[in-house]
1. Of everything in region 29-52 that's under 18 Å from the mean Cα position of the chain (by Cα) and within 11 Å of the ligand (Cβ to nearest atom), which residue is most open to solvent (accessible area, probe 1.4 Å)?
2. Given (1) within 16 Å of the ligand (Cβ to nearest atom); (2) closer than 19 Å to Glu146 by Cα; (3) assigned to a helix (DSSP H, G or I); (4) not basic (Lys, Arg), where does Cys20 come up short, assuming only one miss?
3. Which residue pairs have Cβ atoms under 6 Å apart, sit 6 or more places apart or on different chains, and have a first residue in region 20-36 that is of a type in the set (D, E, K, R) and a second that is near the ligand (Cβ under 9 Å from one of its atoms) and assigned to a helix (DSSP H, G or I)?
4. Counting just the residues of region 117-140 that are in contact (Cβ under 8 Å) with a residue 24 or more places away in the chain and either over 22 Å from Asn74 (Cβ atoms) or among the acidic types (Asp, Glu) (or both), which one comes out nearest to the ligand (Cβ to nearest atom)?
5. Any residue that is open to solvent by less than 30 Å² (accessible area, probe 1.4 Å), among the polar types (S, T, N, Q) and within 11 Å of the ligand (Cβ to nearest atom) - is there at least one of those in region 56-74?
6. If we keep just the residues of region 9-28 that are open to solvent by 60 Å² or more (accessible area, probe 1.4 Å) and within 20 Å of the chain's Cα centre (by Cα), which is farthest from Pro127 (Cα to Cα)?
Amino acid sequence: MEHMTNDSQLEKLNKQIVACRKCPRLVAWREEMARVKRKAYRDEEYWGRPVPGFGDPKARVLVVGLAPGAHGSNRTGRQFTGDASGGFLFPALHRAGFASQARAESRGDGLILTDLYITASGRCAPPDNKPTLEELNNCQPYLERELEILDPKVIVCLGRIAFERVMRIYSASSPKKLGEGTWKFGHGACYQLPAGAWILCSYHPSQQNTLTGKLTVKMFDDIWKKAKSLVE
Ligand code: SF4
């Protein structure tokens with residue numbers, strides 16, 4: 001029953017997200033990218049809209065990324081699907097038992113997530129992969145709502161921007177309990193919120209990190225093992 005409720009609440013939220021046009025710069029960019037396309041994908045119809053969260057409505061692990069890639073999830077319409085970051089993320093989630101398969105190509109590829117839900121700090125593809133502070137602020141209520149609905153036990157922040165966004169949300173509700181400046185982003189850093197949930201930090205699986213060896217397969221696997229151990 002509980003998950004039915006979550007299910008319909010998330011569905012309602014995702015409808016709102018997909019229809020959002022709050023950030024004029026991003027609306028223009030996501031639509032322009034969907035029109036111009038990358039050569040390799042010129043026969044595909046791009047999503048070109050805000051990318052909603054997806055996964056298990058009963059998830060105890062919530063993963064927070066940065067924002068859609070112009071030719072990744074802005075093309076496929078599903079978080080981390082169809083780009084190099086997803087090509088690093090989903091095999092790791094599969095190895096850890098959170099994803100039914102390592103392959104993630106499109107919304108219709110059959111991938112099912114168990115006990116894990118993936119969302120982002122910003123829902124629209126930004127130029128240079130950099131949303132502005134104002135754009136992230138505009139998008140924050142959607143993440144707050146997801147946190148409310150899912151009430152996760154572990155929040156995995158992929159990258160500093162996701163971590164700062166999550167911290168901003170929780171320090172707004174209990175500023176005294178979270179010592180300002182004492183929680184720092186670092187790969188593997190882990191903090192417990194006063195209400196009991198854990199925040200677990202990881203470097204973002206972007207090519208910038210994975211091709212340079214800043215984030216290795218082993219380091220990433222350890223994050224998902226840790227997430228598993230925290231919900232057990
Ligand atoms: S980034 Fe978020 S707030 Fe801005 S238009 Fe997209 S969905 Fe709306």
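The values are calculated or read from the model by the stated rules, or taken from the named source; none is laboratory data. Remember, it's a predicted structure, so these values are computed and weren't measured experimentally. Neighbour counts are summed over all protein chains in view; Cβ atoms, including those assigned to glycine, are modelled from backbone coordinates with ideal geometry. Ligands, DNA and RNA are excluded from the accessible area calculation, which covers all protein heavy atoms including side chains. Shrake-Rupley method; radii C 1.70, N 1.55, O 1.52, S 1.80 Å.
1. Checked region 29-52; the qualifying residue most open to solvent (accessible area, probe 1.4 Å) is Arg49.
2. (3)
3. Filtered contacts from region 20-36: Arg21/Val27; Lys22/Asn138.
4. This residue is Glu135.
5. yes
6. For region 9-28, the residue satisfying everything is Gln9.
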